[in-house]
Structure formats: C-alpha cells, structure tokens
Amino acid sequence: MSDILIYGANGYSGRLCARVLIAGGYQPVLAGRSNAVRGIAREMGCRGIVVPLDDAEGLRFALEGVRLVVHVAGPHSETQEPMIRACLDRGVHYIDLAGKVSELEAAYAFDRQAADAGIMLMPGAGFVVVPMDIAARMASDALPGATSLTICVATEGGASRGTIRTMLKDIDRTGVRVVDGSLEEAAPARTQYSFHVGNRSFEGVLNPWRGDVFTAFIGTGVPNIEAYQALPDFVVRMMRGRMLWMRDLALRFGLRFIPEGPSDEKLAKGRTYISVIAANSDEKKRIAFSGSEAYLFTACCVREIAARVLAGNAPAGYQVPSIYGKDLLDGIEGVRWIQV
Ligand SMILES: NC(=O)c1ccc[n+]([C@@H]2O[C@H](COP(=O)([O-])OP(=O)(O)OC[C@H]3O[C@@H](n4cnc5c(N)ncnc54)[C@H](OP(=O)(O)O)[C@@H]3O)[C@@H](O)[C@H]2O)c1
C-alpha cells in the first residue's frame, strides 16, 4: 500500500513530482483521468489508477489506505473541489499546485471542514507559493511590526503547457493586493518595481493573482502586501489588456505546438530568484535567495512537504507553507541564500 497518491500524474508536473518522489525513496500511486497514466505508472514501477474526478465512489476507492494526496491536475479552479471533498471524506491530507489567489481562496473555504476531519489542506505546495511564502514570513519575523511586504520573483527556464494554459486563461483579469489589512482589487501590471538578487537586476510588474499575496497575509498579518514578477514584454502587454488575440489564438490552437514543459537540460540550467522586502516607516529588511529551475523546485517542495506530512507534521485545517519555515528550503537542492 502506498502513502502518497499523485492525481494528474500523466501531466508534465505530475510526472516530474513522481520522479522526484521516487528518487526520494517513496512509491506513490499514480492516478489521473486518462489511460495514459497506466503506461506512465508501469514505466515508473508504480501502481496506476484511472479515475475521473466526477466519480466520487471511484475516488473513495482510490484513496483507500492513502495518507497524502498530491493534486497536480490543473487548472486547479476546475479540479480542486472534488478531490478536496474526497480527502475530507477519507481523512487524507491534501496538497496541490494551485498558484492563483482565487484557487487558494477556494481551498480556504474548506478550512473548518478540514479541521473537523483532522486533515491538512495546503494548496500552493509548488514553486508558487512555497519559497515566496516562507521568505515573506522570514522577512516579517526579521522586522516585527512591519507594515508592508513586497514579494518579488524572476524565473529562467520556461513554462509547461499546463502553466501557460492556466496563466493565459485569466491574464488580464483583476487580482488582489493587501491594502490596510484587506484584500483590495488590483489590475495586473499597472505598477512596476525594480529588484535585485545578488548581482542580477530585474524589472517586475504587479502580479495580483499570485497566490503568495494571499498566503503571506494569512501567515504574517502584515497589512500591505504586493507581488511583483519579471515577465517577458508580450506577457506584460497581455496583462494590460493588449494583444489578447494572441492569447485567444494560443489557447485555441497554439499550445499543442509548444513543448510540454522545460526539457531536462532546461531543468538543470534554469534558475529562480526571490527577494522579499519587509518595511516600516523607519527600516527595511530583505530576504533574498536563488534556487533551482521552477518546476524542479516545485517537485522538491512537494517531496519536502510530503516528508513532513508522513512524519506526522501536518496540522489540521488550512495551512500555509510557511508553517514549515526556512528549514524546508534548506532541504531543497540548489537554494543559495544571498541575504537572510
Ligand atoms: N504552483 C506551481 O508552482 C505550479 C508548478 C507546476 C504546475 N502548476 C500547475 O499545475 C497544473 C498542471 O501543470 P502541468 O505542467 O502538469 O500541466 P499538464 O502537463 O497540462 O497536465 C495537466 C494534468 O491535469 C489533468 N487534468 C486537467 N483537467 C482535468 C480534469 N478536469 N480532470 C482530471 N484531470 C485533469 C490532465 O489530464 P489529461 O492528460 O487527461 O488531460 C493532466 O494530467 C497547472 O494548472 C499548472 O499551472 C503549478
């Protein structure tokens, strides 16, 4: 019997999570809605289960004996709820790769039920939001009474089809920032912020859907929080509502012509850069580090969280990744601290 079930395991990120978990000594069950998952499970020497998310009885059966679900099927806005309900029903801990504020908020609505069921719900267990959420907590701990957090990210190495699909869907939609202790609507890319990590400098634009705005608010209570991200120029234009024909074309026809996700070479070469500034009227504290490529980072976050959950460190209810602290990032290959 396996402790971990990965749902969406035939997708790019699901396969990568499986590879990293198996290399870490785990033997996950690989599940998904299509038959492809069986072949992948066979190749990886794991058990495979085909079950669609609308088959509640099938999900019940699939979760028999499982202690943790890693839910990787996305867009999560379309897949989260049935799996969370199945986990509540079966008393199984749940983590996923949701990365948008709306997806994290949707999972937060199950906080009370998760607490009652004695299970942990931790959406955002990938590169978005784990490292930023932990760094935000570190920065606010370094400056007690901080009144603002500015959370900045840059990545090198490309994106998976699944991420591009999820991002394009809502690219020009209003998101949030935290203003005076409340979530307030904010339009994407309307403000800019320059940041640096070591000797690398970046121009970020406001990314108001990135989930760490929400989790950092829950985890730190700092009353003003904004997320910035360095993005290619054509993405910034779409965020500002321009060139949306390109988005429509990509969603309808274009995605199948691009690679499923970064190649192994890109995974090995890519890097991520994170800088979080906590400030009050007199002082600033900064946490900065670089890490491995974002999808590899994601799979390592899943492995590190899984290890903690299976060791019994899984508080009931909705939890943000920063509960695991800097120690979690220290366990991830390739993390280089620049300012702590
Ligand atoms: N937070 C982060 O840092 C992070 C990192 C990586 C990925 N992600 C997110 O994770 C998701 C998956 O990414 P990916 O790279 O693996 O994409 P992908 O290669 O396109 O895989 C998507 C997976 O989701 C499954 N799926 C989609 N809709 C489904 C539904 N309604 N019911 C059941 N299964 C469904 C697909 O199954 P079929 O093959 O049967 O269609 C496939 O297994 C995306 O939303 C992406 O944004 C987030």
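Would you mind stating whether Ala186 is among the small types (Gly, Ala, Ser), in contact with a strand residue (DSSP E or B) (Cβ under 8 Å, 6 or more places away or on another chain), open to solvent by less than 60 Å² (accessible area, probe 1.4 Å) and over 19 Å from Val320 (Cβ atoms)?
Against the criterion (among the small types (Gly, Ala, Ser), in contact with a strand residue (DSSP E or B) (Cβ under 8 Å, 6 or more places away or on another chain), open to solvent by less than 60 Å² (accessible area, probe 1.4 Å) and over 19 Å from Val320 (Cβ atoms)), Ala186 qualifies.
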Q) Looking at Arg247, is it out of contact with any strand residue (DSSP E or B) (no Cβ under 7 Å at 6 or more places or on another chain), at negative phi and among the charged types (D, E, K, R)? A) yes
**Q.** Only one of Ala62, Ala23 that is within 13 Å of the ligand (Cβ to nearest atom) and at pLDDT 95 or above
**A.** Ala62
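Can you confirm whether Thr147 is of a type outside the set (A, V, I, L, M, F, W, C) and within 16 Å of the chain's Cα centre (by Cα)?
So Thr147 does not fit the description; no.
Under the condition of being among the small types (Gly, Ala, Ser) and either open to solvent by 30 Å² or more (accessible area, probe 1.4 Å) or out of contact with any His (no Cβ under 7 Å at 6 or more places or on another chain) (or both), which residue from region 76-106 is nearest to the ligand (Cβ to nearest atom)? Steps first, answer last, please.
First pass over region 76-106, keeping only residues among the small types (Gly, Ala, Ser): 77, 86, 91, 98-99, 102, 106.
Subset that is either open to solvent by 30 Å² or more (accessible area, probe 1.4 Å) or out of contact with any His (no Cβ under 7 Å at 6 or more places or on another chain) (or both): 77, 86, 91, 99, 102, 106.
Working: Ser77: 9, Ala86: 12, Gly91: 22, Gly99: 3, Ser102: 12, Ala106: 13 Å.
Here the residue is Gly99.
Every residue, every condition in (1) open to solvent by less than 20 Å² (accessible area, probe 1.4 Å); (2) not in a loop (DSSP other than H, G, I, E, B), yes or no:
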| site | (1), (2) |
| --- | --- |
| Ile287 | yes, yes |
| Phe297 | yes, yes |
| Ala306 | yes, yes |
| Ala314 | yes, no |
| Ser322 | yes, yes |
| Leu328 | yes, yes |
| Gly334 | no, no |
Q: Answer yes or no as to whether Ser281 is open to solvent by less than 10 Å² (accessible area, probe 1.4 Å), farther than 30 Å from Pro28 by Cβ and either of a type in the set (Ser, Thr, Tyr) or not assigned by TED's automatic domain parsing to the domain that holds Ala139 (or both).
A: no
Q | Tally of residues being within 23 Å of Ser290 (Cα to Cα) and either surrounded by fewer than 24 Cβ atoms within 10 Å (Cβ to Cβ) or of a type in the set (Val, Ile, Thr) (or both) across region 107-136 | A | 4
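Given the structure, is Gly162 of a type outside the set (A, V, I, L, M) and not in a helix (DSSP H, G or I)?
On the way: of a type outside the set (A, V, I, L, M): yes; not in a helix (DSSP H, G or I): no.
Criteria not met by Gly162.
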Q. Could you list, in sequence order, the residues of region 209-247 that are part of a loop (DSSP other than H, G, I, E, B), touching a residue at least 24 places away in the same chain (Cβ under 8 Å) and farther than 24 Å from Ser281 by Cα?
A. Trp209, Gly211, Ala230, Leu231, Arg240, Gly241
Q. Assuming Glu304 fulfils every condition listed in (1) in contact (Cβ under 8 Å) with a residue 60 or more places away in the chain; (2) closer than 28 Å to Val92 by Cβ apart from one, which condition is it?
A. (1)
Q) Pairs under 9 Å by beta carbon, first residue without any contact (Cβ under 8 Å) to a residue 40 or more places away in the chain and over 22 Å from Ala106 (Cβ atoms) in region 56-80, partner among the polar types (S, T, N, Q) and more than 6 Å from the ligand (Cβ to nearest atom), six or more apart or different chains? A) none
(Q) Looking at region 88-111 only, could you name the residues that are closer than 18 Å to Gly74 by Cα and in a helix (DSSP H, G or I)? (A) Val101, Ser102, Glu103, Leu104, Glu105, Ala106, Ala107, Tyr108
Q.
When the residues of region 195-229 are narrowed to those that are β-branched (Val, Ile, Thr) and open to solvent by 30 Å² or more (accessible area, probe 1.4 Å), which ends up farthest from Met138 (Cα to Cα)?
A. Ile218
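The values are calculated or read from the model by the stated rules, or taken from the named source; none is laboratory data. Please read all numbers here as calculations on a predicted model, not as lab measurements. Here Cβ is always computed from backbone atoms with ideal geometry, including for glycine, and neighbour counts include all displayed protein chains. Each accessible area value is taken on the protein alone, full model and side chains, heavy atoms only, with ligands, DNA and RNA left out. Shrake-Rupley method; radii C 1.70, N 1.55, O 1.52, S 1.80 Å.
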